[in-house]
Structures are given as structure tokens and as C-alpha cells.
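The values are calculated or read from the model by the stated rules, or taken from the named source; none is laboratory data. All values reported here derive from a predicted model rather than from experimental measurement. We place every Cβ from the backbone using ideal geometry, glycine too, and count neighbours over all the protein chains shown. Protein only, heavy atoms only, side chains kept; ligands, DNA and RNA dropped before computing areas. Shrake-Rupley method; radii C 1.70, N 1.55, O 1.52, S 1.80 Å.
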Amino acid sequence: MNEKIVMVSNDYDLIDGRNAYQSDIKSLTLGEPMLDENKKMQIAAQIWKTGKDGELFLAQELPIHQVFDLMIFLSRTLLYFKEAYRLPLLYDPEKPTVERVGVQGGVLPVEVCVDNQNINEDIKAFAQSLNDLGELVGERKRVLSRILEELELY
């Protein structure tokens with residue numbers, strides 16, 4: 001695991017949300033990509049799990065820009081659901097686009113998935129789940145916000 005790893009967060013299993021203390025995710029790392037499909041990128045985030053033999057193995061890897069894209073997508077979704085209660089269906093079927101975020105000369109579209117045949121039920125369940133996860137997400141949002149503010153100072 002240590003080859004080309006620069007930053008590590010061990011014992012992730014102790015804070016893995018509702019899986020804390022029973023998670024098989026043991027470490028998060030940042031470093032040179034290990035998977036062939038990510039070799040074009042300079043930095044990747046890796047998730048390490050423990051196998052049946054007790055050895056760590058690379059479970060997932062994302063290029064660092066995809067981690068940021070996921071955070072942008074998630075953050076915009078969280079903002080959307082703060083106000084979605086104002087809409088009868090929690091979305092407008094005629095205007096499913098929440099935002100088109102400009103990134104890298106293109107756009108990262110954030111939209112309600114109207115192709116989902118059960119969207120009316122699923123979006124309610126999703127909104128409820130976001131609400132139920134409030135205590136887990138709230139602390140992480142505050143920490144991330146503080147760190148992002150610090151980054152802006154430099």
C-alpha cells in the first residue's frame with residue numbers, strides 16, 4: 001500500500017458513518033494513481049479495505065478531480081434540497097435542471113432524474129434520507145466549510 005502514497009488517513013473504520021467500528025474500509029489515501037485507467041492523472045484518492053486474509057487491498061480509486069466533482073455535485077444537491085420542500089413534488093417536472101455548474105470550459109449538470117419512473121416516490125425517500133443523515137452530514141459540512149475557508153485565505 002505504501003508505494004506512491006503521500007497522505008494517509010488510517011483507522012477510517014472508526015468514523016465511517018453508521019458503519020463506524022464495523023466498517024471494512026480501513027484507510028483513505030492520496031497519491032499517484034495505481035489503477036491503469038487513472039494513470040493519466042497525477043493524483044488519485046484511494047479507499048483501502050481489509051480482505052479475508054487481513055491484508056489491505058485497493059477497493060476504489062478516483063482521480064482527484066472526480067472527488068472534487070462529486071463534492072460539487074453533492075453540495076449543490078444539498079443546497080437544492082434545503083428549498084425543495086417548497087415544490088409540491090420536491091421538483092418541477094418541467095424544469096428538472098437544478099444548475100449547470102461551469103467547470104473546465106464545460107458544464108457539470110445537476111438535475112433531477114426524471115427518467116426514473118418512480119421519481120415521485122424516490123425523491124421523497126431521498127429527501128427523508130438526507131434529513132435522517134443530518135447529524136452525520138452536518139458535522140462533516142461544518143468541517144469542510146472551515147477547511148475551504150482556510151484554503152481561500154492562501
Query raised in the report: Does V110 count as touching a strand residue (DSSP E or B) at 6+ places or on another chain (Cβ under 9 Å), farther than 26 Å from I15 by Cβ and of a type in the set (V, I, T)?
Result: yes
Report summary line: Restricted to the stretch 95-110 and to residues being open to solvent by 100 Å² or more (accessible area, probe 1.4 Å) and modelled with pLDDT of 95 or more, the residue farthest from Q128 (Cα to Cα) is R100
Report summary line: For the stretch 138-154, the count of residues that are open to solvent by 100 Å² or more (accessible area, probe 1.4 Å) and among the hydroxyl-bearing types (S, T, Y) equals 1
Query raised in the report: List the pairs whose first member sits in the stretch 14-38 and is in contact (Cβ under 8 Å) with a residue 24 or more places away in the chain and over 16 Å from K4 (Cα atoms), whose second member is polar (S, T, N, Q) and buried (at least 16 other Cβ atoms within 10 Å of the Cβ), and whose Cβ atoms are under 6 Å apart, counting only residues at least 6 apart or on separate chains?
Result: D24/T50; K26/T50
**Report entry** Single residue of the stretch 94-131 satisfying the filter (over 17 Å from the mean Cα position of the chain (by Cα) and part of a helix (DSSP H, G or I)) that is nearest to D16 (Cα to Cα)
**Finding:** Q128
